[in-house]
Amino acid sequence: MLGCGTGRVCRGLAGTRPITGLDRSAPMIERAAARGPESVRWVVGDMTSFSIGEFAEIIIPNASFAFLPDRAARAACLGACRAALTGGGPLTIDVPMPDFTLLGSAHTPEREAWTGRVNGAVVRRTREVFRAPVAQSLRLVDRYWHGEELLAESELLLHLFTADELEWMLEANGFYVEAIFGDHRGAPLSEGCARLLVRAFPLR
């Protein structure tokens, strides 16, 4: 599992097969390991240059691939995946499907994205979005609040892939695409779907 974060998807698959979760953030991996299970192998590493063994399957979940900064980084990631899939197993990439009705809007003002409680106190996350249609990118500005006090701010740049673009990229880097889905249940790609999942196999 590449870009596993705190391990939510790894934990969901634990017990069904051997699982390795890789993320470049050491604090994320520390938190994932603390949550367990012990059967999962947790690794701090870069998804563009990992070399940690051979795998029967690789999954890049929850838009992790879309946070790679440029074509060179994406090609490097696919090259590392192809090298690790020595048995010819599948690579599955899960990214957001672009909402083309919103892409022409340059800016979505800050709005609440999540609210909860920590130790009895109200905490929340807000998000402001900036769109660059030519670059097919979103700049996500997240702010974290404790009551009315701003605790932290972070920015993420997310590339928006079309299905054709992702398919061509995989084919150019030594894969063939077996299937494209529009959700995590395996529904076909359709108008209005929120996800774009591609399952590909390395060419040998």
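The values are calculated or read from the model by the stated rules, or taken from the named source; none is laboratory data. Just so you know, these numbers come straight off a predicted model, no measurement behind them. Virtual Cβ from ideal backbone geometry, glycine too; neighbours counted across all protein chains shown.
Inside the stretch 83-135, residues that are β-branched (V, I, T) and touching a Gly at 6+ places or on another chain (Cβ under 7 Å) make up a count of 2.
Tell me which residues, restricted to the stretch 44-64, are among the hydrophobic types (A, V, I, L, M, F, W, C), closer than 21 Å to G87 by Cβ and surrounded by 16 or more Cβ atoms within 10 Å (Cβ to Cβ). Listed by number, the residues that qualify are M47, F50, F55, I58, I59, I60. One residue stands out in the stretch 22-36 among those that are at pLDDT 95 or above and not in a helix (DSSP H, G or I): the one that is nearest to I59 (Cα to Cα), namely L22. Restricted to strands (runs of 3 or more DSSP E) entirely inside the stretch 89-204, those with at least 2 residues that are surrounded by fewer than 16 Cβ atoms within 10 Å (Cβ to Cβ) are 107-118, 121-132, 137-146, 149-159, 175-181. The numbered conditions (1) in contact with an Asp or Glu (Cβ under 7 Å, 6 or more places away or on another chain); (2) at pLDDT below 95 are all true for R125 except (2).
Between C4, C77, C81, which is surrounded by 19 or more Cβ atoms within 10 Å (Cβ to Cβ), in contact (Cβ under 8 Å) with a residue 40 or more places away in the chain and part of a loop (DSSP other than H, G, I, E, B)?
On the way: C77 fails: part of a loop (DSSP other than H, G, I, E, B); C81 fails: part of a loop (DSSP other than H, G, I, E, B).
Result of the check over C4, C77, C81: C4.
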